[in-house]
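Colleague: My questions all concern the structure below.
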Amino acid sequence: MIHLEEKIYFYLLLLIPVFWIGYLGVQFWKAKAVRHFADKITFSRLATERSLFKPWVKFAFFALVFIFIVIGLVNPKIGTKLETVKREGVDIVFAIDVSKSMLAEDVKPSRIEKAKRIISELIELLHGDRIAFIPYAAQAYPQLPLTSDYSAAKIFLEAINTDMLSSQGTAIGEAIQTAINYFEDSNQSSKILIILSDGEDHQQGATEMIQEVKEKGIRIFTIGLGTTQGTTIPIKENGQTFPKRDKDGEVVITKLNQALLEEIAQEGDGKYFDGSNTQQVIDNLQKVLNNIEKNEYESQVFSDYKDQFQWLLAGAFLLLVIDVFISYKKTTWVRTLNLFNEKNKINK
């Protein structure tokens, strides 16, 4: 198991293309300056020992040294031991609406991005709890099973978007049923389902699932995303943005169905939260989690991580040492090969 301690240093690798562009520019400027000084044949006679490819080799070494140092700063660690640890927490399943209506921008930057931001900030506050993701539209998609690996969860969270499910519509009931299936294998007595949606339920099947939810001991909390006034749904095509239209050509207006989300939360022994204020939602959910009984469970994790940055720095140092012994002059055996036909050009 590899763990990257300081991922932010990866941004330094964006300098590599800048270095190469700068180096190419310098070489072009040098070639232009040489042409002003003397023609190509004359300059070859004056600089018979100058190598054509060694400067490129030395610069390639510089780029590799930079890459090795950057990855060393990231400090990759390898988990060498898998052990079972005991943790305390609750099981939380996030059901995220990914229908096209979640592209609406009546909450900024959009309903779907607001949902992802709320989940991401809540994950930062969790300790020992297991989480899972269920994106849903006309059907539910079990994307991430219950896990306490928050780093992996964030990777899956970033991948959630309104294009991940081809069938459009909103089926909250199916999302609830999928969550129930998730909890079947859970030994936790505290089980929470958090639905992030604008509340548009095209299949009208959510309230029918509440009784089964109660029997399973699952509490449902809903987060409403959008406004009751509603807005258009922006659809991007060929670099342009158009409002979504129905089959009759009328512009579609999507509105927050707060009443349905409140009903689901109330029947599910939970609460409804307005998702327009991210910090307020996080504070309310944190209070809920602090007051819920946490159960002990076993989880397998990698431990005894060992730093690997020293190998990368050693590689960078070795390349620097090799670079010292590479001169800008031609190597004797390469000059003998006359790869670029320099001798004949000089004799002429």
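Colleague: Considering region 127-151 alone, what residues qualify as being small (Gly, Ala, Ser) and open to solvent by 30 Å² or more (accessible area, probe 1.4 Å)? Write out each step before concluding.
Modeller: Residues of region 127-151 small (Gly, Ala, Ser): 128, 132, 137-138, 140, 148, 151.
SER151, the sole residue that qualifies.
Colleague: Go through the residues of region 320-334 one by one and say whether even a single one is under 44 Å from the mean Cα position of the chain (by Cα), under 24 Å from VAL65 (Cβ atoms), small (Gly, Ala, Ser) and at pLDDT 85 or above. Even if it seems obvious, please write down each step before you answer.
Modeller: Within region 320-334, the subset under 44 Å from the mean Cα position of the chain (by Cα) is 320-328.
Then drop every residue that is not under 24 Å from VAL65 (Cβ atoms), which leaves 320-328.
Keeping just the survivors that are small (Gly, Ala, Ser) gives 327.
With at pLDDT 85 or above added as a condition, the list becomes none.
No, region 320-334 contains no residue that is under 44 Å from the mean Cα position of the chain (by Cα), under 24 Å from VAL65 (Cβ atoms), small (Gly, Ala, Ser) and at pLDDT 85 or above.
Colleague: Find all pairs meeting these conditions: Cβ atoms under 6 angstrom apart; at least six residues apart or on different chains; first residue within region 309-323 and within 24 Å of LEU4 (Cα to Cα) and part of a helix (DSSP H, G or I); second residue modelled with pLDDT of 85 or more and not aromatic (Phe, Trp, Tyr).
Modeller: Final answer for the pair search is PHE309/GLY72; LEU312/ILE71; LEU312/GLY72; LEU313/GLY72; ALA316/VAL65; ALA316/ILE69; LEU319/LEU64; LEU319/VAL65.
Colleague: Additional query: Kindly provide the set of residues from region 44-97 that are modelled with pLDDT under 65, loosely packed, with under 14 Cβ neighbours inside 10 Å and touching a strand residue (DSSP E or B) at 6+ places or on another chain (Cβ under 9 Å), ordered by number.
Modeller: GLU49, THR80, LYS81, LEU82, GLU83, THR84, VAL85
Colleague: Write out, first by first residue and then by second, each pair whose Cβ atoms fall under 7 Å of each other, whose residues are 6+ apart or on separate chains, and whose first residue, in region 260-271, is small (Gly, Ala, Ser) while the second is at pLDDT below 90 and open to solvent by less than 20 Å² (accessible area, probe 1.4 Å).
Modeller: GLY268/ILE210; GLY268/VAL213
Colleague: Write out, first by first residue and then by second, each pair whose Cβ atoms fall under 9 Å of each other, whose residues are 6+ apart or on separate chains, and whose first residue, in region 86-112, is farther than 15 Å from LEU157 by Cα and free of Cβ contacts under 8 Å to residues at least 24 places away in the same chain while the second is outside any loop (DSSP other than H, G, I, E, B) and open to solvent by less than 40 Å² (accessible area, probe 1.4 Å).
Modeller: Here the result reads LYS108/LYS114; SER110/MET102; SER110/PRO234, each pair linking region 86-112 to a residue that is outside any loop (DSSP other than H, G, I, E, B) and open to solvent by less than 40 Å² (accessible area, probe 1.4 Å).
Colleague: Also: Pick from region 152-161 the residues that are more than 16 Å from GLY128 (Cα to Cα) and in contact with a Leu (Cβ under 9 Å, 6 or more places away or on another chain): which of them is surrounded by the most Cβ atoms within 10 Å (Cβ to Cβ)?
Modeller: LEU157
Colleague: Would you pick out the residues in region 108-126 that are open to solvent by less than 70 Å² (accessible area, probe 1.4 Å) and of a type in the set (Lys, Arg)?
Modeller: If the condition is that a residue be open to solvent by less than 70 Å² (accessible area, probe 1.4 Å) and of a type in the set (Lys, Arg), then ARG111, LYS114, LYS116 are the ones that fit.
Colleague: Name the residue, out of ALA171, ALA179, that is aliphatic (A, V, I, L, M), at pLDDT 80 or above and open to solvent by less than 10 Å² (accessible area, probe 1.4 Å).
Modeller: Of the residues listed, the single one that is aliphatic (A, V, I, L, M), at pLDDT 80 or above and open to solvent by less than 10 Å² (accessible area, probe 1.4 Å) is ALA179.
Colleague: Residue check: is ASN290 closer than 16 Å to LEU126 by Cβ, modelled with pLDDT under 90 and open to solvent by 60 Å² or more (accessible area, probe 1.4 Å)?
Modeller: yes
Every residue, every condition in (1) farther than 22 Å from GLU263 by Cα; (2) touching an Asp or Glu at 6+ places or on another chain (Cβ under 7 Å), yes or no:
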| position | (1), (2) |
| --- | --- |
| SER120 | yes, no |
| ILE123 | yes, no |
| ALA137 | no, no |
| SER151 | yes, no |
| ALA159 | yes, no |
| ILE172 | no, yes |
| ILE176 | no, no |
| GLU184 | yes, no |
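The values are calculated or read from the model by the stated rules, or taken from the named source; none is laboratory data. Nothing here was measured: the structure is a model prediction, and the numbers come from that model. Please note: Cβ atoms are built from the backbone with ideal geometry, for glycine as well, and neighbour counts cover all protein chains shown. To get the accessible areas, we keep the full protein, side chains included, count just its heavy atoms, and leave off ligands, DNA and RNA. Shrake-Rupley method; radii C 1.70, N 1.55, O 1.52, S 1.80 Å.
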